[in-house]
Ligand code: NAD
């Protein structure tokens, strides 16, 4: 394996330290502690782990973290009422609703209820629209983390052929837009894409966010490509439960650089969330 292993964890640690310093500055200037409210509905084990990690890291940088755990049978109205209360609470600078929500709740309706200035996930249509037209807006955390890692590896993104596998609103679509903004030539692939292999083979930048283990084979990867693996897949290997990405990592030695799973994009997502929250607090406080 000669490909460089992109250490997302180390980059995330450095970013988090910068956020900690910004939190200190806010406290010194205003006496106010930046606050993130996290809403978790139901008992999904993966969501519980993510929420706990987010809360722990929030506290580690000196921010206030308030968790709202609601039962899976909570009504949409009750959830919307909670979002409204948090919108109006001056101690809360960021609001995050952990997805997925149970099927009886319309996630889009809940996201639209969040005050755009507090939407630190960057999923509200106002933020999405502002990002698309380039007039500010909060950038979604995982795509932001991918772009930071890519920019570390490539001095110039303009002119590169990039493929994004996956077209979800939270990863694939915003990532494609961010790459386009950097003047990459972007292909967005998805479940209905015909001949994915041929499209991946052309790419200088491969980002996979499909949630499909070993989807991207080593033989598909162009020599010297940079590979960002967003996928998180729980699989069983040799009788042991383990987490893998979407890319056949062991076959990707001829890539220039690749993110491991775990330890690549995952830690960057939380680091970007903390950065978005501290920025939301700075804006709310006029700093
Ligand atoms: P999603 O299910 O909403 O979307 C998956 C997308 O991938 C869809 O657009 C689908 O068309 C496409 N897809 C699925 N299988 C495919 C295939 N075989 N070929 C081509 N395209 C295919 O998922 P999501 O929420 O965008 O998440 C994607 C993956 O990224 C998941 O594994 C998720 O766990 C992971 N994820 C990781 C982080 C992180 O911080 N590292 C954050 C968010 C999501």
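Every number in this text was worked out from the coordinates using simple rules, so none of it is lab data. All values derive from a computational prediction rather than experimental measurement. Virtual Cβ from ideal backbone geometry, glycine too; neighbours counted across all protein chains shown.
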* Asked: For the Cα atoms of the chain, what angle does the longest principal axis make with the long axis of helix 265-284, in degrees from 0 to 90, nearest 10?
  -> 40
* residue 212 to residue 109: FRET efficiency via 1/(1 + (r/R0)^6), r the Cβ-Cβ distance, R0 22 Å, to the nearest 0.05? -> 0.15
* **Acute angle (nearest 10 degrees) that the helix 76-88 long axis makes with the longest principal axis of the chain, alpha-carbon atoms** => 70
* Structure fact -> Inverse of <1/r> over all distinct C-alpha pairs of the chain, i.e. the Kirkwood Rh in Å, gives 19.7
* Asked: What distance in nm separates the simple spin-label points at residue 219 and residue 89, each placed 7 Å from Cα in the Cβ direction?
  -> 5.5
* Asked: What is the gain in length, in nm to one decimal, between residue 99 and residue 53 on full extension, counting 0.36 nm per residue of separation less the C-alpha to C-alpha distance?
  -> 15.1 nm
* Structure fact -> In whole angstrom, the spacing between the Cα centers of the range 19-57 and the range 156-222 equals 31
* Sorted by mean Cβ packing within 10 Å, highest first, what order do the peptides 218-231, 88-101, 139-152 take? -> 139-152, 218-231, 88-101
* Structure fact -> If the label point sits 7 Å along Cα→Cβ of residue 60, residues of the range 6-38 with amide N under 15 Å come out as 8-21
* Asked: Could you work out Rg/(2.2 N^0.38 Å) for the range 1-157, with Rg from alpha carbons only?
  -> 1.14
* Gain on full stretching of the segment that runs from residue 80 to residue 287 - 0.36 nm per residue minus C-alpha separation -> 71.6 nm
* Normalized C-alpha radius of gyration of the range 141-266, against 2.2 N^0.38 Å? -> 0.97
* To do: Determine the calculated [θ] at 222 nm for the chain from helices alone, applying -39500 (n - 2.57) to every DSSP H run no shorter than 4 residues and normalising by the residue count; nearest 500 deg cm²/dmol.
  => -13000 deg cm²/dmol
* By counting other Cβ atoms within 10 Å of each Cβ, how are 72, 208, 65, 168 ranked from fewest to most? -> 72, 168, 65, 208
* Over all directions, what mean area does the Cα convex hull of the range 183-229 project, stated in square nanometres? -> 3.4
* To do: Please work out the FRET efficiency for the pair residue 237 and residue 161, using the Cβ-Cβ distance as r and a Förster radius of 51 Å; give the result to the nearest 0.05.
  => 0.95
* To do: Return 22, 283 ranked ascending by Cβ neighbour count within 10 Å, so the fewest neighbours appear first.
  => 283, 22
* Global geometry of the range 33-115, whether rounded, prolate or oblate, following the gyration tensor of its Cα atoms and the 1.5 cut on a/c -> oblate
* **Antiparallel DSSP beta bridges within the chain, as percent of all bridges there, nearest 5** => 15
* To do: Please say if the range 117-193 is rounded, prolate or oblate, where rounded means a/c under 1.5 for a ≥ b ≥ c the square roots of the C-alpha gyration tensor eigenvalues, and otherwise the choice is prolate for a/b larger than b/c and oblate otherwise?
  => oblate
* Structure fact -> Rounded to 0.05, the calculated FRET efficiency for the beta carbons of residue 7 and residue 32 at R₀ = 30 Å is 0.35
* Asked: Angle, helix 8-30 long axis vs. longest principal axis of the chain, Cα atoms, 0 to 90°, nearest 10?
  -> 20
